[in-house]
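The values are calculated or read from the model by the stated rules, or taken from the named source; none is laboratory data. What you see is a predicted model; the values in this text were computed from it and never measured. Because the Cβ atoms are built from the backbone with ideal geometry, glycine has one as well, and the counts that use them run over all protein chains shown. Only protein heavy atoms, including side chains, enter the accessible area calculation; ligands, DNA and RNA are left aside. Shrake-Rupley method; radii C 1.70, N 1.55, O 1.52, S 1.80 Å.
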Amino acid sequence: MTFRTPALAVLATLALVRPASAQTSAAGAAPAPAPFGVVDNSFLIEEAFNQELRVVQNIFTFQRNGHDWNGAFTQEWPAPGMRHQLSYTVPFGRVAGQTGVQDLFLNYRYQLTEEGPGRPAISPRFSLIVPSGDVDRDLGHGRTGWQAALPVSKRAGAFYFHGNFVLTHHPDQTEAEIGKSTRLNSSHVSESRM
């Protein structure tokens, strides 16, 4: 009997999820879900929550594809409160045998809506891409660019759903670069218990 990775992921998820229908109060009605202790916790996809006053978040991401890999360090600051957020991202990696720092991102996010009953959290982001990676080693574009993102997050019971639309532009892009610069990230579900 062989198991495939997707089947194991589904089984592990089902084993970790506790059915809410088995929890009832003395009156027989299901209790309201407990408030989330942490909502800004998604490391697989950008969520639509800015940082609270006096909270600085550090984010480290890493992905590997064969011998190539990419990582990034992001630091987010409220500016000065939750409605506006400033951050920077320093991407680095190994691409086609070349290792080093890639183009720097300077980010601004606006908390357009906060998540509530019947309303998702929406926090559009605009990024200035600063040419800091070595173009000759395929670690940068060699020209200033920009990126716009529209993250959307919504709670449903004990889960949060996150989705993103991202558009990246560099002047004088080649046809091959244009195909890589627009993507719709798949949804991501997360659960927080504190």
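Scanning region 81-117 for residues that are open to solvent by 80 Å² or more (accessible area, probe 1.4 Å) and in a loop (DSSP other than H, G, I, E, B) gives ARG83, LEU112, GLU114, PRO117.
Going by the structure shown, is PHE126 at pLDDT below 90 and closer than 17 Å to ILE45 by Cα? Spell out the reasoning first.
Working: at pLDDT below 90: no; closer than 17 Å to ILE45 by Cα: yes.
Spelling it out, it is not the case that PHE126 is at pLDDT below 90 and closer than 17 Å to ILE45 by Cα.
Taking residues in region 69-85 that are over 21 Å from ALA96 (Cα atoms), and partners anywhere that are buried (at least 16 other Cβ atoms within 10 Å of the Cβ) and of a type in the set (D, E, K, R), the pairs with Cβ atoms closer than 7 Å and at least 6 places apart or on different chains are GLN85/GLU76; GLN85/ARG109. Within region 143-173, the set of residues being within 27 Å of ALA96 (Cα to Cα), surrounded by 14 or more Cβ atoms within 10 Å (Cβ to Cβ) and touching a helix residue (DSSP H, G or I) at 6+ places or on another chain (Cβ under 8 Å) comprises THR168, HIS169, HIS170, GLN173. Close Cβ contacts (under 7 Å, 6 or more residues apart or on different chains) running from residues in region 156-178 that are farther than 24 Å from ARG119 by Cα and among the polar types (S, T, N, Q) to residues that are at pLDDT 90 or above and surrounded by 10 or more Cβ atoms within 10 Å (Cβ to Cβ) comprise THR168/GLY145; THR168/GLN147. For GLN63, the conditions (1) among the polar types (S, T, N, Q); (2) open to solvent by 60 Å² or more (accessible area, probe 1.4 Å); (3) out of contact with any strand residue (DSSP E or B) (no Cβ under 6 Å at 6 or more places or on another chain) all hold with the exception of (3).
Just one of the listed residues (PHE36, PHE92) is modelled with pLDDT of 85 or more and under 23 Å from the mean Cα position of the chain (by Cα), and it is PHE92.
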